Amino acid sequence: LIAGLVEPQAGEIRVDGKLAAGGEFRVTANHAIELWAEGVTLRGEVRGLPDREPTLRVISPGWNLLVTPDARIPVEAIAEDDFGVLEVRVRVSRGGTVIVDRALRGRELFELPDVKPREKLSLRIVAKDAKHEVASRDFQLRVVNREEAVSSHESTRKILRQKIAGAVPEAVEQLRVDLRVHREEAEMNRFLDAALADKLDRADKLLAES
């Protein structure tokens, strides 16, 4: 429950039949109040509002990731709360040990400290208000070497190319999303060179003409 103060301008105030010392009281539930001032009695009710947990919506990542040791992972989330969010944090764990615990402000790129291929990590975003902490699901990060990341990316691009070639209008929007994600993964793992960017641009142009 939210705490607050009620301060009368003059006279005395009784809360639930008891005199409030100094004309102040802390709201913890619903209270019947009586205020005496210049011979007039005012009666009313003060209601305490429950403090709800924050809500958290993860924008990025939206799925489990293959990452290279030098990846720059885009992380973004939106947190809201009825009485204000205190902070949003990103936590990355390896085998139960937290190796990254940083505040998140808007969209940021996170680098992983001292990780090696074949390691498995988990990424979680948490939001806090004055009383609660809520967390996203754990996103799994599988660390791979650059060759494996490029090979996986090329395999996915071949599948996308086949889908784009036979795309029907109803599927175009989803393919645009898939293509954007494909580009972001190449950029995250630092192998989006000019040649690959050109191939992705041409695929995007084909979708625009579909």
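The values are calculated or read from the model by the stated rules, or taken from the named source; none is laboratory data. Note that the structure is predicted; figures quoted are calculated from it, not measured. A quick note on method: Cβ atoms are made from the backbone with ideal geometry, for glycine too, and the neighbour counts reach across all protein chains shown. Quick note on the areas: whole protein, heavy atoms, side chains included, nothing else; ligands and nucleic acids left out. Shrake-Rupley method; radii C 1.70, N 1.55, O 1.52, S 1.80 Å.
A straight chain from Phe110 to Ala165 at 0.36 nm per residue would run longer than the Cα-Cα distance by 16.3 nm. Take 159-170, 55-66, 91-102 and order them by the average number of nearby Cβ atoms within 10 Å per residue, most first; the result is 55-66, 91-102, 159-170. Of all the accessible heavy-atom surface of region 111-153, with the other protein chains kept in place and a 1.4 Å probe, what percent is carbon and sulfur? Carbon-and-sulfur percentage of accessible area, whole number: 44. Here is the tail figure for region 59-210: Cα pairs spaced more than 22 Å apart come to 49 percent of all pairs.
Percent relative contact order of region 61-157, based on C-alpha pairs within less than 8 angstrom and at least six residues apart?
Relative contact order for region 61-157 comes out at 35 percent.
Cα-Cα pairs above 17 Å in region 38-130: how many percent? When every Cα pair of region 38-130 is considered, 59 percent fall beyond 17 Å.
Placing pseudo-labels 7 Å out from each Cα toward the beta carbon at Leu206 and Lys158 gives an inter-label distance of 1.5 nm.
Kirkwood Rh, Cα Rg: Rg to Rh for region 77-118?
Result: Rg/Rh = 1.07.
Here region 81-95 and region 174-210 have alpha carbon centers that stand 31 Å from each other. For the pair Ala32 and Ala135, the difference between a 0.36 nm per residue extended length and the Cα-Cα distance amounts to 33.3 nm. Remark: C-alpha extents of region 128-210 on the principal axes read 52, 34, 19 Å, sorted largest to smallest.
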